[in-house]
Amino acid sequence: MAVDYATLKKGGFMRQKQKNNFSLRIRVVGGTLTAKQLAVVSEVAETYGKGYVHLTSRQGVEIPFIKLEQIDEVKDALAKGGVVPGVCGPRVRTVTACQGAAVCPSGCIDTYALAQELDARYFGHDLPHKFKFGVTGCQNNCLKAEENDVGIKGAIRVNWIPDACIQCGVCVKACRTEAITLEDGKITVDESKCNYCGRCTKSCPTSAYEETHGYIVSFGGTFGNHVHKGNVIIPFIEDHDKLMKVCDAAIDFFADHANAGERFKFTIDRVGADKFEQAIREAYENE
Ligand code: SF4
Ligand code: SF4
Ligand code: SF4
């Protein structure tokens, strides 16, 4: 019987160079697996693979050397431990994320919650080519947001509260973009220099900044055969619903305009950056 490699690939089983062997991609959202899931993955790798896993560059876990005739057994074994195969091919891939504000002191947003939300909304949707989301918690950019088709970076917009300030100058030193000046007891934040990193408010001993948490979204990043840093269209998106509308618009634009096998950046280039920007701005401004 002919083997349906495309369906197997869609279900996370990728053909190896060794005949009838598959490297199984596990679905890992936001780089997080529970200890119990890890134990199941370990067991499957021991029983059905060669006793090891490969950690991919996009936080994936792959179990190599799964035999063709044991694929169903492997799926059952994984399912019993709450582990689901991932996807490959032309569709929305695993959403990656750093640890974000739930764990990391620098984090401006809850990256894992957002990764889960994006995963629930888009994971596995068929598209003309692969499509990657990455979520990073702050300007330190550990997750390298701009190398994704849609990269989301946590951000904080600050507003100085004069009455709470003791003029210590800590925030001025903490700011890496020289956006803050302290003169005559007054703090001024130059928004044209601010990158929304949140270091000033996180370092302030008296909580003298009001914080608005938000997102910086980049589009069209790619880091394979072609290397391109995704472009930001709207400097700061503070509204969660608007973030989702903008993500929907990006996916819709890709689905509507891309040729088969064309990465998002090249669709934007071919169809026109102006047209894409207009679609994103309309989604952002549309109530
Ligand atoms: S990007 Fe920021 S929030 Fe995420 S792990 Fe790095 S420092 Fe922490
Ligand atoms: S958010 Fe960052 S860049 Fe902006 S003023 Fe504060 S420390 Fe400077
Ligand atoms: S760190 Fe806080 S208290 Fe100190 S100067 Fe800045 S705003 Fe004022």
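Hey, which of these cross-link pairs are over 26 Å Cα-Cα: Lys75/Lys132; Lys186/Lys242; Lys10/Lys67; Lys144/Lys245? From Lys75/Lys132; Lys186/Lys242; Lys10/Lys67; Lys144/Lys245, over 26 Å: Lys186/Lys242. Compared with the dominant Cα axis of the chain, that is its longest principal axis, helix 273-285 is turned about 70°. Note on Lys245: accessible area is roughly 80 Å² with a 1.4 Å probe, heavy atoms of protein only. Length, then width, then depth: along the principal axes, the Cα atoms of region 5-80 run 32, 24, 20 Å.
Ranked by solvent-accessible area (1.4 Å probe, protein heavy atoms only, all chains present), the residues Asp274, Asp126 order from largest to smallest as Asp274, Asp126.
Using a simple spin-label model with pseudo-atoms 7 Å out from Cα toward Cβ, Ser192 and Asp256 lie 3.5 nm apart.
When the Gaussian network model of the chain links Cα atoms closer than 10 Å, the mean-square fluctuations of Gln139, Gln99, Gln70 top out at Gln70.
Around the Cα centre of region 96-285, unit charges on the Cβ atoms of Lys, Arg, Asp and Glu (plus for the first two, minus for the last two) sum to a dipole of about 640 debye.
Ignoring any ligand, DNA or RNA, what whole percent of the accessible area of the chain comes from carbon and sulfur when the probe is 1.4 angstrom? Looking at the chain in its full context, I get 49 percent from C and S. Restricting the calculation to Cα atoms, the chain shows an Rg/Rh of 1.06 when the hydrodynamic-style radius is the Kirkwood one. In the context of the full protein assembly, His54 retains an accessible surface of approximately 90 Å², using a probe radius of 1.4 Å and ignoring ligands and nucleic acids. Simple rule: put +1 on each Lys or Arg Cβ and -1 on each Asp or Glu Cβ in the chain, find the dipole, and look at Ala179, Gly134, Cys108; the Cα lying farthest toward the positive end is Gly134. In terms of overall dimensions, region 127-167 has a Cα radius of gyration and Dmax of 16.6, 56 angstrom.
Suppose all protein chains stay in the model; what accessible area per residue would a 1.4 Å probe give for the chain, in Å²?
Details: 14640 Å² over 287 residues.
Heavy-atom SASA per residue in the chain reads 51 Å².
The values are calculated or read from the model by the stated rules, or taken from the named source; none is laboratory data. Please read these numbers as outputs of a predicted model, since none were measured by experiment. No Cβ is skipped: glycine too gets one built from the backbone with ideal geometry, and neighbour counts run over all protein chains shown. Side chains are part of the model used for accessible areas, which takes the heavy atoms of the whole protein and leaves out ligands, DNA and RNA. Shrake-Rupley method; radii C 1.70, N 1.55, O 1.52, S 1.80 Å.
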